[in-house]
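A quick write-up on the structure given underneath.
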C-alpha cells in the first residue's frame, strides 16, 4: 500500500480528536495525580503522542482539560438523546433521560469527575463551573424540546442546574447496583421541581397583573 493510500485510510487526527483521546486517557491517571500535566502527559503517551503534546493542546493545564472533558461528556449525552425516541416521552422523562445519559457516560470516570469538581469548587474557578453547568442543562432542555426565549428560559435552566448539581453529588457516593439510588433521587428531584413550576407561573402572572393594575392606576386613575 502506498503512503498516499495509507494516509487516506488513516487520516491524520484533528486537533479536537487529539484532545478527546488525551483527556479520556488522562482520566485514568487523574484519580492518582489530579487534573494536571502529570496526568495529561501520561494520557498523551498512552495514546501514542509525546508528553509535550498535552502542553500544546491544553495551555491552561487542568482548567482547559476539565472544560474539554465537560465538552466530551455533553457530546456523548447529546448523541444518546438524539438516538433515543424522545418523541414518545413526556418532557419530564426527556430531561431525566438526558441527565442520566450524561452520568452513565461519566461512570467509568467517576474519580476524575470527583477531582474535577473539587477543583471547580475553588473560588477562582466558580465562573467556569457555572458555564459548564449552564451548557449542560441548556443542551438537555433544547433537545427535550424547549424553545422558550422569555424569562422561562432562565428559570428552567436554573432549576435544572440545581437538580443536576444535587444529583451529581449524590451519584459520586452512590454504590447501589447500576446507580439505581441515583436515578430514584433524580426522579424525585425532577418531580419536586415540577410541583414548584406551576406555582411559579401563578405567582408571575399575579405579579404581572398587579403591576399592570398599578400602572393603569398611576396613569389613568382607574
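Applying 1/(1 + (r/R0)^6) with R0 = 22 Å to the Cβ-Cβ distance of residue 127 and residue 196 gives a FRET efficiency near 0.25. Based on the Kirkwood radius over alpha-carbon pairs, what value in µm²/s does the Stokes-Einstein equation return for the translational diffusion coefficient of region 155-199 at 4 °C and 1.567 mPa s? D, rounded to a whole number, is 118 µm²/s. Taken as Cα centroids, region 52-78 and region 23-44 sit 11 Å apart, rounded to the nearest whole angstrom. Set the Cα radius of gyration of region 82-201 against 2.2 N^0.38 Å, with N its number of residues, and you get 1.07. Projected over all directions and averaged, the alpha-carbon convex hull of region 56-119 occupies 5.1 nm².
Each value in this text was obtained by applying a stated rule to the coordinates, not by laboratory testing. Just so it is clear, the structure is predicted and the values come from calculations on it, not from any experiment. Every residue, glycine among them, receives a Cβ derived from its backbone with ideal geometry; neighbour counts consider all protein chains shown.
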